[in-house]
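Notes to accompany the following structure.
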Amino acid sequence: MVWLILGVVLWSGVHLLPIAGRGARDALIGSLGEGPYKGLFSLALVLAIVLMVVGWRSSGMVAVYAAPAGPLVTNALMVVALFLFAASGVPTNLKRALRHPQLTGFATWSVAHLLSNGDQRSIVLFGGLGLWAVAAILLINRRDGAWEKPEPLPMSAELKPIVGTVIAFAILFFAHPYIAGVSPLPR
């Protein structure tokens, strides 16, 4: 469990540094240079993912609560999470209603998994990453101040994220047993 916790903390810290610790970030870039800083940033994220995977696999399943939802609810929330994530990378009208679609998608992913997994390692992984996403939203809002909504776009702008969502969901749905060892199908 220690490796899992360290992975979640490292992931959160590395992502929150440029948001909340701009002075420390700028000092690192000043002393290392921008390229090496970005390389170190990327390396730290890869290490965080490795720690989370190793920590997940080495932690036993310790039940904490009975999962209140099953795969159908989780899959529905995953469609929403993937759409939010896909919409964050292209101009869409969603960005007129939601300031942080990618982080909101990440938080939705977290909630989806906490609703269907009531074990200790799930709480650490999904709960920890969900808290990071919410903290990042709040800190970015505080740092950046008032939000200026983008101009409206034609409804066809939503087509790319919809297609991306369908493709990503299909891939994750079929790969999930190999990635997480659990089928997303109802039992």
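Values quoted throughout were computed directly from the atomic coordinates according to the rules given, and no laboratory measurement underlies them. Only a predicted model underlies this, so the values are computations on that prediction, with no experimental measurement involved. We place every Cβ from the backbone using ideal geometry, glycine too, and count neighbours over all the protein chains shown.
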Mean shadow area (nm²) of the C-alpha convex hull around the range 12-75 is 6.9 nm²
Computed over the chain, the relative contact order (Cα-Cα under 8 Å, seq sep at least six) in percent reads 26 percent
Output for the range 57-150: chymotrypsin sites (Phe, Trp or Tyr not before Pro) sitting in coil per DSSP, at most 13 other Cβ within 10 Å, listed by number, reads 65, 147
Rounded to one decimal in Å, the inverse mean reciprocal Cα-Cα distance for the chain, i.e. its Kirkwood radius, is 18.1 Å
In the chain, helical segments from DSSP H whose Cα atoms cover 30 Å or more along their own axis and that average at least -1.0 on the Kyte-Doolittle scale are 34-58
